[in-house]
Amino acid sequence: MSISRMRAWRAVLMLSLLGLATLAGAAEIGQIKVSKGQVTIERDGKSIPAGVGVRLQTSDVVKTGPDGSVGITMDDDSLLSAGPNSVLSLDRYTFDPTTNKGRFDASLNKGTLAVISGRIAKQAPDAMTVRTPTAVLGVRGTEFAVSVD
Amino acid sequence: MTLIACAILAACASSGTVVLLPEKDGRPAAVSVKQGDKEVVLDKPYAAAKATPLGPRPYTSSTEEVRSQFGSALSAQPSRATSFTLYFVEGKDEFTEESKKAVDQILAEIAQRPVPDVLVVGHTDAVGSDQSNDALGQQRAEAVRAALIRLGIPAGDVRAISRGKRQLAVPTADGVAEPHNRRVEIIVR
């Protein structure tokens with residue numbers, strides 16, 4: 001087999017492996033890295049405990065109790081952390097790690113949130129937004145904090 | 001402060017605050033705050049805006065306010081990703097001698113995180129097409145992923161991806177062989 005044919009064959013194999021990886025991991029967009037006090041995830045109408053290591057999916061709503069706080073690392077290295085009595089919804093998340101293109105929309109319905117944006121916001125300004133009940137925040141490569149009373 | 005504003009404003013239930021925090025590495029940063037057609041852009045450390053019925057009202061926050069209002073959220077912030085770079089012998093998926101030595105540091109970083117996940121990102125130099133470089137980058141990343149698994153990192157915690165020639169460490173014209181671009185980045189988070 002020639003080198004170029006071998007390379008082409010390898011490329012095909014890699015692409016099919018990539019396809020499988022994408023299918024298997026399609027639902028996972030981030031991971032709980034820090035969890036203190038009461039932290040839960042609302043998913044498909046159920047409330048599940050959000051301990052350290054739990055992986056997140058699009059449409060998950062992360063809630064913290066009066067003694068709770070939570071830290072999340074997203075697939076694009078965005079870091080989100082919420083203080084007590086918070087309701088954070090991961091509304092929309094797409095990310096292609098090869099091109100770094102993606103879209104991230106989250107909402108803080110209640111509580112406090114600190115954000116360090118990741119590769120999605122770095123690749124395209126305003127590809128990441130955080131909504132509150134009154135405002136829409138457009139993120140341009142940034143570290144910030146937001147509260148909703 | 002928020003409470004006082006609430007007592008005065010009629011629509012206190014939905015008021016809120018946004019504060020731009022100083023960047024660790026001094027990169028330019030900004031957040032735009034939109035309420036309907038009213039927009040305020042925060043682009044300096046501690047630039048802040050408070051939601052009011054008349055739109056976002058800009059003000060300057062302080063370290064004290066940030067600590068009292070966002071202390072719990074900030075203390076729950078996950079550790080930032082740490083990145084390591086390993087270099088390859090030209091056209092192969094074999095490390096240079098120096099890079100072989102960096103592996104211990106990587107394992108130490110993984111060991112100190114409570115729930116590590118590791119991203120292995122393959123990069124190539126600018127010789128060849130996007131397609132062939134994406135495949136070569138993937139091949140390098142897969143080789144490093146396999147090596148990390150052999151060293152005891154659980155397979156489910158390590159992912160291999162390729163950026164091909166999209167992120168050259170040393171910018172070159174297309175087609176230029178550059179050893180510092182043939183690398184794998186290991187992101188531990």
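Amide H to amide H, with H built 1.01 Å from N, A:Lys110 comes under 5 Å of A:Val87, counting only residues 5 or more places away or on other chains. Extension gain, B:Ala177-B:Lys24: 0.36 nm per intervening residue step, less the Cα-Cα distance, totals 51.7 nm. Pairwise inverse Cα distances across the protein assembly as shown, averaged and inverted, put the Kirkwood hydrodynamic radius at 21.3 Å.
Rg and Dmax over the alpha-carbon atoms of the stretch B:89-186 stand at 13.7, 42 Å. Remark: the stretch B:36-44, residue by residue, has Karplus-estimated 3J(HN,Hα) of x, 9, 9, 9, 10, 9, 9, 9, 10 Hz, where x stands for each Gly or Pro and the curve is 6.51 cos²θ - 1.76 cosθ + 1.60 at θ = phi - 60°. Once the Cβ-Cβ distance of A:Thr58 and A:Ala124 is raised to the sixth power relative to R0 = 22 Å, the FRET efficiency obtained is 0.70.
Averaged over its residues, how many other protein chain Cβ atoms are within 10 Å of peptide B:17-24's Cβ atoms? Mean partner shielding for this stretch: 5. Accessible surface buried by the B/A pair amounts to about 4300 Å², both sides summed, 1.4 Å probe. Peptide packing: for A:90-99, B:106-115, A:121-130, A:67-76, the average count of neighbouring Cβ atoms within 10 Å per residue gives the ranking A:67-76, A:121-130, A:90-99, B:106-115, highest mean first. Length gained on full extension, B:Ala108 to B:Thr96, computed as 0.36 nm times the residue gap minus the Cα-Cα distance: 2.3 nm. Total lysine pairs in chain B at Cα distances under 25 Å, for residues eight or more apart or on different chains: 9.
Helix B:97-111 and the longest principal axis of the Cα set of chain B meet at an angle near 40°. For the stretch A:16-149, the equivalent ellipsoid derived from the Cα gyration tensor has semi-axes of 23, 19, 12 Å, listed largest first. Over the residues of chain B, the helix contribution to mean residue ellipticity at 222 nm works out to -9500 deg cm²/dmol, using -39500 (n - 2.57) for each DSSP H run of at least 4. Rolling a 1.4 Å probe over the protein heavy atoms of the protein assembly as shown, with every protein chain left in place, gives an accessible area that is 56 percent carbon and sulfur.
Taken residue by residue and averaged, Cβ atoms of other chains lying within 10 Å of the Cβ of B:31-38 number 6.
The smallest convex shape that holds all Cα atoms of chain B, its convex hull, gives 177 Å³ per residue. For the residues of A:109-121, the average number of beta carbons from a partner chain within 10 Å of their own beta carbon is 3.
Expressed to the nearest 5 percent, the antiparallel share of DSSP beta bridges inside the protein assembly as shown is 90 percent. May I ask for the angle, rounded to the nearest 10°, between helix B:130-150 and the longest principal axis of chain B, with both axes built from Cα atoms and the value confined to 0 to 90°? Between the helix axis and the principal axis of chain B, the angle is about 90 degrees. Distance from the alpha carbon centroid of the stretch A:74-101 to that of the stretch B:77-152 works out to 24 angstrom. Given in Å, the Rg to one decimal and the Dmax to the nearest whole number for the Cα atoms of the stretch B:116-168 are 11.6, 35.
Convex hull of alpha carbon positions in the stretch B:140-182: directionally averaged projected area 3.6 nm².
The values are calculated or read from the model by the stated rules, or taken from the named source; none is laboratory data. Worth saying up front: this structure is predicted, and the values here are computed from it rather than measured. Neighbour counts are summed over all protein chains in view; Cβ atoms, including those assigned to glycine, are modelled from backbone coordinates with ideal geometry. Ligands, DNA and RNA are excluded from the accessible area calculation, which covers all protein heavy atoms including side chains. Shrake-Rupley method; radii C 1.70, N 1.55, O 1.52, S 1.80 Å.
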